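The values are calculated or read from the model by the stated rules, or taken from the named source; none is laboratory data. Given the structure is predicted, the values throughout are model-derived calculations rather than measurements. Neighbour counts are summed over all protein chains in view; Cβ atoms, including those assigned to glycine, are modelled from backbone coordinates with ideal geometry. Just so you know, the surface numbers come from the protein's heavy atoms only, side chains and all, with ligands and any DNA or RNA stripped out. Shrake-Rupley method; radii C 1.70, N 1.55, O 1.52, S 1.80 Å.
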Amino acid sequence: MKRLMLAGLFLGALGLLVSAQAQEFPRGETIYIEDPGGLPTNPDCFNLWIGCGGGYSNGLQQLTADTLWYIDPNAGINGEVVHNALAAGPGEWNADFTELTVHLTEGLYWSHGQNGPVEFTAHDVVYTVEAQMEWGMGAGPVFAQNVASVAAIGDHTVKFWLKAPNSRFDTKFMVRWNAPGYIMPKHVFEDLEEPSTWDGNLASHPTIDGEGPVSIGQYVLHSYDPNGTWFAWVRRDDWERSSWGMDYGMAAPKYQVYRPGVPIDKRAIGLLNNEGNQGLDMVHDMTPEATIDLMKKDPLIQSWHPGFPYAHPDPTLPMLLFNHQYEDVDGNAKWIDRRVRWAVALALDAVEMSLASYRGAATMTPIHVPPTGMYPKFYHDAVQDWLTNFELDLGDGTSIKPYNPDLTLEIANRVRGLYDGVPEDDETIRYTFGHGWWAQNHDAAATLLESAGWSKSGKWWNTPNGERATLEMQGSDSGVMGRLASNVAEQLTEFGIETNVDTSDLWGGIGAGNYEAYIGWSVETWGGHPDLSFFLDSWRSDNVAEPGTGQSARNWQRWNGGPELDAIIDNIRGISFNDPRGVEYGIDFIKLAVHEMPTIPIMSYNLFVGQSNRCWTGYPDAQNNYANPVTNWSNARYIYTQITSTGACD
């Protein structure tokens, strides 16, 4: 294996390497992938379980790592949303969720050992938990909080005894985009004096020869640039001894080359000019404008939708978050009153937010789960009648029905004629642009504020203490989220709440609670599976931090939903991950969140993915949604078993 130095020519417009590295891979056997993770600060590090500055989504987690289960954010291959990976099937719980037994897949092998490949066993799982607790690596704190003991029952069964009931402990070994519990190779780490400081590269291992990370996937490291601009991987000869090889067959590309740090304005060029080794076959995200232009220029390039709005909805929910503990000058919690939060929601025009941010290609949602993956069928469809009939008490003895189920039809009408391929039928529009949103209603918003003790002086609203109402909102300084933040600020200022967007410290103050509001998200979901615990478990009242202290993920708004929310979370905790009652409890949460409006959900985080069908074809899309099309998620590995060579690049 060679660490090839960065040398040779550069393609001027693209800024990508054209060197010995690019020339040595047969184009018809190689797929080139953009890694959105950015350039690693320490490209030599391949230890997934420590923070060492190495790449994470440069192929390391997608091609070499594995854990017990994978959850597809979309429909899954053959409709299989939950992939049994290193586990042979679902975990088996005792009645009170304190004991978990997992039977493991047999016949899987790590790529390297002292005398060749080494079989994966239950002892690897036990070592993973115990070593991470001992050395404080990876999910060590999570394991220490939950695990009383863990043991191998033979070579292919592992059993966990927990300190307290936790029906979602098994999700620590499930991949959404990554996994807390990627399994470690015991035979590799047990020979190290300090596993928490090893760089994960066999070149520095005391007893095992080789270079790069030990792999339990279909690929091993071939070569990489010490500057971190590319990482090349080659398919193992014994690829069938990986879980995804065993289940779905051989990954089609013999070689995969990941390219971190490609500027967003260069990614479309990489797709368009990809005949040789300097191009790109898969791109994680582009600008809406670049995608629209690219789809017109090259019929071999695809995105998630064949026409407008093109983009793939990520299982993440951008929203306007209020810090419920933020105090005004008199020490009063400024956004604690639900009437004030609802007033802000009714002051906003959803059509304008969509056009300003995504040029109309947003997927809107009025409820607190993203309209992505299978969630429209699990949740959005299920609450449409309830939303349409929902009545909002304005506090003065009157009420309104604020939901407009046809609002996204208006968005589609606004962009039709501007872009190609805008859907015509209502059902398709609702599944691409969203099911609806709140109708802008400044009069109702004013009534809500007045009932909460606010007053108006000329153009501007005043809070109950007589101070002029302002809103300092954290937001991005660029991209679609930056445009959304600017538009929300403009709309609220026009309504009479002077709003400023602060881009100086988008993330730094959120966990600490040093912010008033921000455009971001505190809701992330599995996407393909209806269980809401991925974010909702952290919203329980006993997880809300005290003012002035750090808030653990993901209740960044610091909302205390009280006994009603706690009861819903406890109901979910009291059933297994796959129990169908989880959807019922999820709907209970949605209705409570609509009533209280702790945050204002706006839209999914849409990614303008791009794939070229010049060399490879069979990528997932909206019609064949077997996988998440983004390149940095570990689930991307399943794509490579489904694509095929076109033969055009041989």
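Assorted remarks:
- Accessible area per residue (1.4 Å probe, heavy atoms of protein chains only) ranks PHE308, PHE534 as PHE534, PHE308, with the largest value leading.
- Solvent-accessible surface of segment 72-158, taken per residue with a 1.4 Å probe and all protein chains present: 40 Å².
- Förster-model FRET efficiency, 41 Å R0, THR388 and THR101, C-beta, rounded to 0.05: 0.35
- For the pair GLU134 and ASN543, a Förster radius of 35 Å applied to the C-beta separation gives a FRET efficiency near 0.85, rounded to the nearest 0.05.
- Compared with the direct C-alpha span, the chain from ASP406 to ASP477 gains 22.4 nm at full extension, assuming 0.36 nm per residue.
- If you plug the beta carbon distance of GLU80 and MET246 into 1/(1 + (r/R0)^6) with R0 = 22 Å, you get a FRET efficiency near 0.95.
- Unit charges at the beta carbon, dipole of the chain: most positive-side option, ASN571, SER604, HIS368: SER604
- Working from label points 7 Å from Cα in the Cα-to-Cβ sense, the ILE336 to ASP237 distance is 6.9 nm.
- Label of the coordinate-derived value, semi-axes √(5λ) of the Cα gyration tensor in Å, listed as (i) 54, 27, 23; (ii) 47, 34, 22; (iii) 42, 30, 22: (iii)
- Gained length - ASP293 relative to ASP155, 0.36 nm times residue gap less alpha-carbon distance: 44.2 nm
- Tensor-based shape of segment 117-172 (alpha-carbon gyration tensor, a/c under 1.5 rounded, otherwise prolate or oblate): oblate
- The heavy atoms of MET250 offer some 80 square angstrom of accessible surface to a 1.4 angstrom probe.
- Computed label-point distance, nm, for sites GLU494 and ASN42 using a 7 Å Cα→Cβ extension: 5.0 nm
- Segment ALA164-GLN623, length gained on full extension (0.36 nm per residue, minus Cα span): 160.9 nm
- Solvent accessible area, Å² - ASP385, 1.4 Å probe, full protein context: 120 Å²
- Ranking by accessible area, most exposed first, for TRP135, TRP342 with a 1.4 Å probe: TRP135, TRP342
- Listed residues GLU498, GLU424, GLU391 arranged by accessible area, highest first, probe 1.4 Å: GLU424, GLU391, GLU498
- Spin-label model distance (nm) - ARG468 vs GLN145, 7 Å beyond Cα toward Cβ: 4.4 nm
- Net charge contributed by nearby residues that have their C-beta within less than 15 Å of ALA144 (K/R +1, D/E -1): 0
- Neighbours of LEU448 by Cβ distance under 11 Å: Lys/Arg scored +1, Asp/Glu scored -1, total -2.
- Estimated [θ] at 222 nm from DSSP helical runs (n ≥ 4, -39500 (n - 2.57)) normalised by residues in the chain, nearest 500: -7000 deg cm²/dmol
- Pairs from LYS266/LYS297; LYS334/LYS591; LYS159/LYS186; LYS254/LYS297 whose Cα-Cα separation, in the structure shown, is over 19 Å: LYS334/LYS591; LYS254/LYS297
- Prolate/oblate/rounded label for segment 273-385 (Cα gyration tensor, a/c 1.5): prolate
- Nearest-10 value in Å² for the accessible area of PHE378, using the 1.4 Å probe: 60 Å²
- Radius 13 Å from Cβ of SER552, net charge of other residues (Lys, Arg +1; Asp, Glu -1): 0
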